[in-house]
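Enquirer: Let me begin by handing over the structure; questions about it come next.
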Amino acid sequence: MITPPTLILHHYPSSPFSEKVRLMLGYKKLPWKSVVIPMVSPKPDLISLTGGYRRTPVLQVGADIYCDTALIADVLEHVEPLPVLYPEPSKGMARTLAQWADTTLFWTSMAYNLQPRGIAQLFEHAPPEAALAFAQDRKAMSGGMSRQRPQDAAAAYRSYLRRLSDMLDDRPFLLGDMPCITDFAMYHPLWFTRVRTSVLAGVLDATPAVSEWMDRMAAIGHGAMEKFSAHEAIAVAAASTPAALLDDVFLDEHGIALGSKVQVCAETFGQEPTHGELVAATRMHYTLRRTDERAGVVHVHFPRIGYSLKVAELA
Ligand SMILES: N[C@@H](CCC(=O)N[C@@H](CS)C(=O)NCC(=O)O)C(=O)O
């Protein structure tokens, strides 16, 4: 019997993108270890592993560090192919709808959720400086992005919910009888409204089919989770060797050779770069090798979509 690798998720409870991954782990019945990371920078333990990337969540498998939930979903599908996240023949449609959910739907939902009443609820049990630190951190991350006003977001959000409701007219999940990547991606921004900013959850009342679908998604659960500390996770990385890279195609779109010193950063929101040696550039992702004082040699993986690759700028 092949033992599945130990999956370590770096996340925090109120993070919607983390909820997407927690549910996919539950769906695939993959046991996982949970490292709770701070909601705002600084995040020194996470950065030890990623080398700069600070968004949430991050999946660690030994000395391999996977950034972004689109890539994490691919890794989970590889580790445990069943039940499938990308069903044929609608794989392309499922991925495309998921990408729309993780961008347009997510930002519309968050512009609505993070209006003053939502923020007040989120931080009702926290000291007053926590809300301020959160606002300042997210503003610094958003450099150049414009956030919709809550009133505009509310109207768009209602339209999107009606469209989802329409998709659920004759089926229990968005593309059929079983959940797929589209369901997990559409669910997490709505989960935030319903669970984290429930004072604003009235927006869901006009679309009961969506609420019923959300109940079905929530029932999947998070699977078998065990608490783990950041120190333990870093020790796992230090004691591990990154997985051998497949003899995969090297697809060069940039004129940057393997072995070059490069930097990768998100195209929007949280653009802190990760520096390293480019050791793989497949059709779907980049891999950077870096050496960290605490974590040792790690491979940090990013999807191509949504990330920018450049020759490293000298510090
Ligand atoms: N495209 C990324 C988006 C991740 C993202 O924006 N996550 C939010 C939290 S849900 C974040 O990083 N917020 C700032 C932080 O946690 O530091 C993904 O799919 O993982």
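Enquirer: Where the centre of each part is set by its Cα atoms, how far does the range 244-315 sit from the range 28-52, in angstrom?
Expert: 19
Enquirer: Separate question: Once the convex hull of the C-alpha atoms of the chain is built, how many Å³ does it hold per residue, rounded to a whole number?
Expert: 148
Enquirer: With a length cut of 24 Å (Cα positions projected on each helix's long axis) and a Kyte-Doolittle mean of at least -1.0, go through the chain and give me the DSSP H helices that pass.
Expert: Both cut-offs are met by 150-167.
Enquirer: Cross-chain or 8 or more residues apart, Cα under 22 Å: how many lysine pairs in the chain fit that? Count them up, please.
Expert: The number of close lysine pairs in the chain is 15.
Enquirer: Taking H placed 1.01 Å from N in the peptide plane, check which residues at least 5 places from V297 or on another chain put their amide H under 5 Å from its amide H.
Expert: Residues meeting the amide H criterion: D292.
Enquirer: Hey, another quick one. Kirkwood Rh over Cα pairs of the range 227-315 into Stokes-Einstein at 4 °C, 1.567 mPa s: D in µm²/s?
Expert: Here the translational diffusion coefficient equals 93 µm²/s.
Enquirer: Please figure out what share of the DSSP beta bridges in the chain is antiparallel and state it in percent, rounded to the nearest 5.
Expert: Roughly 70 percent of the DSSP beta bridges within the chain come out antiparallel.
Enquirer: Calculate the spin-label point distance for H222 paired with Q121, positioning each point 7 Å from the Cα along the beta-carbon direction, and give it in nanometres.
Expert: Distance between the two pseudo-spin positions: 2.0 nm.
Enquirer: With a probe of 1.4 Å, find how much accessible area the range 189-315 has per residue, and write the answer as a whole number in Å².
Expert: Solvent-accessible surface per residue comes out at 52 Å².
Enquirer: Put +1 on the Cβ of each Lys and Arg and -1 on the Cβ of each Asp and Glu in the range 91-218; which of Q136, Q115, L190 then has its Cα farthest toward the positive end of the dipole?
Expert: Final value for the positive-end residue is Q136.
Enquirer: Could you give the distance between the Cα centres of the range 141-184 and the range 87-134, to the whole Å?
Expert: Here the two parts' Cα centres lie 11 Å apart.
Enquirer: For the chain, with all protein chains present and a 1.4 Å probe, just round the carbon and sulfur fraction of the accessible area to a whole percent.
Expert: For the chain, the apolar C and S fraction of the accessible surface comes to 58 percent.
Enquirer: Using the Kirkwood radius over Cα pairs, work out the Stokes-Einstein diffusion coefficient for the range 91-218 at 4 °C and 1.567 mPa s, in µm²/s as a whole number.
Expert: 84
The values are calculated or read from the model by the stated rules, or taken from the named source; none is laboratory data. From a predicted model like this one, the values you see are computed outputs, not experimental measurements. Using ideal geometry, Cβ is built from the backbone for each residue, glycine included, and neighbour counts are taken over all protein chains shown. The protein model used for the area step is the full one, side chains on, heavy atoms only, and it has no ligands, DNA or RNA in it. Shrake-Rupley method; radii C 1.70, N 1.55, O 1.52, S 1.80 Å.
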